[in-house]
1. Considering Thr51, Thr45, Thr91, which residue is in contact with a strand residue (DSSP E or B) (Cβ under 6 Å, 6 or more places away or on another chain) and open to solvent by 70 Å² or more (accessible area, probe 1.4 Å)?
2. Given Phe124, Phe115, Phe168, which one is among the aromatic types (Phe, Trp, Tyr), within 14 Å of Pro42 (Cβ to Cβ) and either out of contact with any Cys (no Cβ under 6 Å at 6 or more places or on another chain) or open to solvent by less than 70 Å² (accessible area, probe 1.4 Å) (or both)?
3. Among residues belonging to the stretch 141-163 that are of a type in the set (A, V, I, L, M, F, W, C), under 18 Å from Phe39 (Cβ atoms) and in a loop (DSSP other than H, G, I, E, B), point out the one that is least open to solvent (accessible area, probe 1.4 Å).
4. Consider the stretch 87-108. How many of its residues are of a type in the set (Val, Ile, Thr) and within 15 Å of Ser70 (Cβ to Cβ)?
5. State whether one or more residues within the stretch 6-29 are surrounded by fewer than 14 Cβ atoms within 10 Å (Cβ to Cβ), within 27 Å of Phe145 (Cα to Cα) and either of a type in the set (A, V, I, L, M) or modelled with pLDDT under 60 (or both).
Amino acid sequence: MRIPTSKKIQAAATQLIWVAAAIMIPAAHAQNIGGHIGFVLPLVTHAGGQTTNLGDNFAIGFPFGVTFKSKGPMALDLEFVPAIQDSPRKTSLTVHPGVVYGVGHGFAVGMRVAFDVDSSQFGFTPLLNKSWPIKHEGSFFKAYFIEAVLPVRFNRPTGGPATNPVTFGMHFGLGF
């Protein structure tokens, strides 16, 4: 009688896990996937003891995301936010996954985590969203929305002061 080697056991276990996952995980349906595009303006920011507004240092972000909708009011949203800042002139990218919960009458609340790429900043963003349906037959876009966001970031640069910015911003966009 041959005793299986550990590599054979590991391969068999891996195959068993993949088969079990394929059986237990339901297939995604196209109508349960959506997304959004838009722009966001950081209206007021408090960081490092100073408060600035959009007129002091213009910045704009262009969020886009993919939304995985559940059968209920909950959705998982994977958002990316490329942004442009005037002074100091720079571009940035935030990876911004989160959950959004529909509370009725076109309103939703949510929370995102934030990872600023190539930066010492990370944090979270609570949000309040109001959307209106687009009632045009065959339209790619299904809704337009406005969203109040409150990004809170923890800035821990190596050898520098922790500024921990908190911003109030408005996000305008289209959902599909």
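The values are calculated or read from the model by the stated rules, or taken from the named source; none is laboratory data. Keep in mind the model is a prediction, meaning the values are calculated, not measured. Please note: Cβ atoms are built from the backbone with ideal geometry, for glycine as well, and neighbour counts cover all protein chains shown. The area values use the complete protein model at the heavy-atom level, side chains included, leaving out ligands, DNA and RNA. Shrake-Rupley method; radii C 1.70, N 1.55, O 1.52, S 1.80 Å.
1. Values: Thr51 fails: in contact with a strand residue (DSSP E or B) (Cβ under 6 Å, 6 or more places away or on another chain); Thr45 fails: open to solvent by 70 Å² or more (accessible area, probe 1.4 Å).
The unique qualifying residue is Thr91.
2. Values: Phe124 fails: within 14 Å of Pro42 (Cβ to Cβ); Phe115 fails: within 14 Å of Pro42 (Cβ to Cβ).
Phe168 is the lone residue from the list that is among the aromatic types (Phe, Trp, Tyr), within 14 Å of Pro42 (Cβ to Cβ) and either out of contact with any Cys (no Cβ under 6 Å at 6 or more places or on another chain) or open to solvent by less than 70 Å² (accessible area, probe 1.4 Å) (or both).
3. We begin by selecting, within the stretch 141-163, every residue of a type in the set (A, V, I, L, M, F, W, C); these are 141, 143, 145-146, 148-150, 152, 154, 162.
In the following step, the residues that additionally are under 18 Å from Phe39 (Cβ atoms) were identified as 141, 143, 145-146, 148-150.
Narrowing the set further to residues that are in a loop (DSSP other than H, G, I, E, B) leaves 141, 150.
Working: Phe141: 56, Leu150: 72 Å².
Within the stretch 141-163, the match that is least open to solvent (accessible area, probe 1.4 Å) is Phe141.
4. From the stretch 87-108, those of a type in the set (Val, Ile, Thr) are 91, 94-95, 99-100, 103; that's our starting set.
The next check asks that each one be within 15 Å of Ser70 (Cβ to Cβ); those that pass are 99-100, 103.
Count: 3.
5. In the first step, residues of the stretch 6-29 are kept if they are surrounded by fewer than 14 Cβ atoms within 10 Å (Cβ to Cβ); the result is 6-29.
Subset that is within 27 Å of Phe145 (Cα to Cα): 28-29.
Checking which are either of a type in the set (A, V, I, L, M) or modelled with pLDDT under 60 (or both) leaves us with 28-29.
Checked against the condition, which is being surrounded by fewer than 14 Cβ atoms within 10 Å (Cβ to Cβ), within 27 Å of Phe145 (Cα to Cα) and either of a type in the set (A, V, I, L, M) or modelled with pLDDT under 60 (or both), the stretch 6-29 yields at least one hit.
Residues checked against (1) within 21 Å of Tyr144 (Cα to Cα); (2) in contact with a helix residue (DSSP H, G or I) (Cβ under 9 Å, 6 or more places away or on another chain); (3) at pLDDT 95 or above; (4) polar (S, T, N, Q):
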{"position": "Thr45", "(1), (2), (3), (4)": "no, no, yes, yes"}
{"position": "Gly48", "(1), (2), (3), (4)": "no, no, no, no"}
{"position": "Thr51", "(1), (2), (3), (4)": "no, no, yes, yes"}
{"position": "Ala59", "(1), (2), (3), (4)": "no, no, yes, no"}
{"position": "Phe62", "(1), (2), (3), (4)": "yes, no, yes, no"}
{"position": "Val66", "(1), (2), (3), (4)": "yes, no, yes, no"}
{"position": "Met74", "(1), (2), (3), (4)": "yes, no, yes, no"}
{"position": "Leu78", "(1), (2), (3), (4)": "yes, no, yes, no"}
